[in-house]
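Below is one structure, written out as structure tokens; comments come after it.
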Amino acid sequence: MELPASRPPLAAAAWVGDAAAKADAGPVEFDAIYRAYAPLVRRTAWSLGGAQDLDDIVQETFLRLWRSWDGFRGESQRRTWVYTVTLNTARSHWRGRGRLKAAFKRFLMLVPRTEAVAGGQDAWELDAGLARALRRLDARQREALTLVHLEGLSLAEAAAAMGVPEGTVKSRLFQARSRMQALLQEADHGNP
Amino acid sequence: METHDWKERLKERHLAPPPAPVGELQAMHGRLGRPGNRLMGPVWTFGGALALAGLAAILWLPGLRADRAAQSDREFAAVDRWVYQQWNGVQSGTKAEDRAEEPGSGLLAVLDAD
């Protein structure tokens, strides 16, 4: 099996910057946490769930991070913990509770939906086939693919973030790659 | 789409998510409330618990009082039955368990007789 790239992509390494180091150093302000981890959280949430409700998931993740920041027990790296919170937030959102809450808030006009891109956020999807294949992956496979392949986490880090053994991450990764390949081939045959 | 480059394309997509909406940080500040709001969590939790306890008391207390009244009635009826049996026994010379029960008239009958 092909081993995952262990080196983070260049842009994904932004978290190593001063802001993250400062945010991890001690008592922090919410803005410092946001500045340090916003790109990481946004990227991860984007690959996990696409454009739909991306802003809601990002905001909810930061609220959770802020509330439990002092409760972090240091069993893993802070960055790994941030991934865990992001995954959990996305999972609970897509289980429906968060989605319902977001829809209800929008209904009450408390949080007007923000359209980041003209024509709606779906217009941001330049590669529809790729996005569709990603969406059709099992959620756990998509998490493994996102953390290891796209965010450049090691298998151990991804396992810690996902709360599963390394072997499970490996097998999910393998399944994710095979399935992506199959889905994209299927799409190619369907649209020559 | 060529399948062999899907990983690269996926990385490109991953690294270019839709931009954060303008004012996202301010929006989150709004959701956080005023500074020091981490103290407000327990306050809201305590207040909520207190409100629930009050509501439960309002709903539960009348029922409890009704239960106690019913229990008191039952106790009175039992005493009443016992007095009736005893009084009737003294009068007729039969055993208490053989005598018919006429609850509701025993104690009053005794009192009236007195």
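The values are calculated or read from the model by the stated rules, or taken from the named source; none is laboratory data. Nothing here was measured: the structure is a model prediction, and the numbers come from that model. So basically every Cβ, Gly included, is an ideal-geometry build from the backbone, and we count neighbours across all protein chains shown.
Couple of notes before you dig in:
- Count of region B:70-90 residues which are surrounded by 10 or more Cβ atoms within 10 Å (Cβ to Cβ) and more than 27 Å from the chain's Cα centre (by Cα): 14
Residue by residue, here is whether (1) within 14 Å of chain A (Cβ to nearest Cβ); (2) at pLDDT 75 or above; (3) over 33 Å from the mean Cα position of the chain (by Cα) holds:
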| site | (1), (2), (3) |
| --- | --- |
| B:His29 | yes, yes, yes |
| B:Asn37 | yes, no, no |
| B:Phe46 | no, yes, no |
| B:Pro62 | no, yes, no |
| B:Arg68 | no, yes, no |
| B:Ala100 | no, no, yes |
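- Criterion violated by A:Met1 - all others in (1) more than 7 Å from chain B (Cβ to nearest Cβ); (2) modelled with pLDDT of 55 or more; (3) within 24 Å of A:Val148 (Cβ to Cβ) satisfied: (2)
- Every residue from region A:85-117 that is out of contact with any Ser or Thr (no Cβ under 8 Å at 6 or more places or on another chain), among the polar types (S, T, N, Q) and modelled with pLDDT of 80 or more: A:Asn88, A:Ser92
- Filter result (over 19 Å from the mean Cα position of the chain (by Cα) and at the interface with chain B (Cβ under 9 Å from one of its Cβ atoms)) within region A:151-181: A:Gln181
- Within region A:85-96, residues that are under 23 Å from A:Glu157 (Cα atoms) and without any contact (Cβ under 8 Å) to a residue 40 or more places away in the chain sit with their Cβ atoms under 6 Å from residues that are small (Gly, Ala, Ser) and crowded, with 16+ Cβ neighbours inside 10 Å, at 6+ positions apart or across chains, in these pairs: A:Ser92/A:Gly98.
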